[in-house]
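Accompanying notes for the structure given below.
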Amino acid sequence: MVEHYPVLHKEILNFFRNLKGKYIVDATVGGAGHASLLLKNLPDKFLIGIDKDDYALSKAEEKLKQFKNRYTLVKGSFKDIDKIVTSMGVEKVSGVLFDLGVSMFQLKTERGFSFQREEPLDMRMDTTQGVTAFDIVNRYSQRELEKIIRDYGEEKFAKRIARAIVEARKKKRIETTKELSHIVYNVYPPALRKGRIHPATRTFQAIRIEVNNELEEIKEGVNKAIDLLEAGGITAVISFHSLEDRIVKNIYRERKKLKDIEILTKKPITPGTEERKENPPSRSAKLRVAKRI
């Protein structure tokens, strides 16, 4: 069996390999793919892993237990990275990694992240929070739905999809992923239904971003991560769609103007042919790295 490596693992290792300080942060620890790789290859480092998903943290604990006394896992949002790190008595860190979006194992949980199976409309990364995808789909106004589907999904049929959702829920509540997926699918012109990307992809992305307040958290978290870095420390962000990547690019540009970072990736780094072949979902990944001055 071929070992499945986390996205852009060689590139991440190269950037983290020469960091001088003791502490590194995996701000989206997930199943600990990147975290275990960093701990295995950087024996002098202590890793702080953050995730808002209890299931992710349990998986991370299983994977990292071999590195005892060299890591700690914290439930929380990376928008609170400053509070989490300083509460541990750590003032500065030498590296922070963000691997944004939904993880592959979250897609396999029955929380409605995927439209491939019949699941309840949930989409919460933190299952203790209040608002779910069900609430958004069944309670948002047509105008609100159109706005998030257009802005967060970059979906050209946002107006039609929002109208179709509102019409469908007049008859009955929309409760499952398949129900929502069918509504979106039927809005699409027949000639466009068989493309590389399923018609529901962008709508599901938009609703997931709204449920988890993802874009605002990226703005807050990445800026706070830069503030936490010691001189020479790096922040590395892997994003999977243009909205995330644009936010990171703009944050780096603004911070460069303030003369507190140097941008190490003039253009985002993307997976090579071999990695895309071994791990097809990696094809849309983009890595941007900046160094604290």
Here are the criteria: (1) in a loop (DSSP other than H, G, I, E, B); (2) closer than 20 Å to Ser282 by Cβ; (3) hydrophobic (A, V, I, L, M, F, W, C). Tell me which single one Leu19 does not satisfy.
(2)
For region 111-119, does any single residue satisfy the condition of being part of a helix (DSSP H, G or I) and without any contact (Cβ under 8 Å) to a residue 40 or more places away in the chain?
no
Within region 172-198, work out how many residues are closer than 24 Å to Pro280 by Cα and free of Cβ contacts under 8 Å to residues at least 24 places away in the same chain.
7
Go through (1) touching a residue at least 24 places away in the same chain (Cβ under 8 Å); (2) in the same structural domain as Val90 (by TED's automatic domain parsing) for Ala206 and report which single condition fails.
(2)
Is it the case that some residue within region 142-161 is surrounded by fewer than 17 Cβ atoms within 10 Å (Cβ to Cβ), on the phi > 0 side of the Ramachandran plot and not in a helix (DSSP H, G or I)?
yes
Residues Gly221, Gly233: which one is crowded, with 20+ Cβ neighbours inside 10 Å, under 21 Å from the mean Cα position of the chain (by Cα), modelled with pLDDT of 95 or more and not β-branched (Val, Ile, Thr)?
Gly221
Of all residues in region 67-79 being part of a helix (DSSP H, G or I) and either of a type in the set (Asp, Glu) or touching a residue at least 40 places away in the same chain (Cβ under 8 Å) (or both), the one that is surrounded by the most Cβ atoms within 10 Å (Cβ to Cβ):
Phe78
Those residues of region 229-251 which are farther than 18 Å from Lys79 by Cβ, assigned to a helix (DSSP H, G or I) and in contact (Cβ under 8 Å) with a residue 60 or more places away in the chain amount to Ser242
Any chance region 53-66 includes a residue that's modelled with pLDDT of 95 or more, closer than 21 Å to Glu244 by Cβ, in contact with a helix residue (DSSP H, G or I) (Cβ under 7 Å, 6 or more places away or on another chain) and not in a loop (DSSP other than H, G, I, E, B)?
no
Output for Cβ contacts, cut-off 9 Å, separation at least six or different chains, first residue without any contact (Cβ under 8 Å) to a residue 60 or more places away in the chain and under 11 Å from Glu210 (Cα atoms) in region 133-150, second assigned to a helix (DSSP H, G or I) and among the polar types (S, T, N, Q), reads Ile149/Thr203
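What number of residues in region 187-228 are of a type in the set (Lys, Arg) and either assigned to a helix (DSSP H, G or I) or in contact with a strand residue (DSSP E or B) (Cβ under 9 Å, 6 or more places away or on another chain) (or both)?
Residues that pass the stated criteria total 4.
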Asp82 - would you say it is within 16 Å of Ile218 (Cα to Cα), modelled with pLDDT of 95 or more, over 17 Å from the mean Cα position of the chain (by Cα) and surrounded by 14 or more Cβ atoms within 10 Å (Cβ to Cβ)?
yes
From the list Tyr23, Tyr71, which residue is touching a helix residue (DSSP H, G or I) at 6+ places or on another chain (Cβ under 7 Å) and among the hydroxyl-bearing types (Ser, Thr, Tyr)?
Tyr71
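The values are calculated or read from the model by the stated rules, or taken from the named source; none is laboratory data. Bear in mind the structure is a predicted one, so any value in this text is a computation, not a measurement. Please note: Cβ atoms are built from the backbone with ideal geometry, for glycine as well, and neighbour counts cover all protein chains shown.
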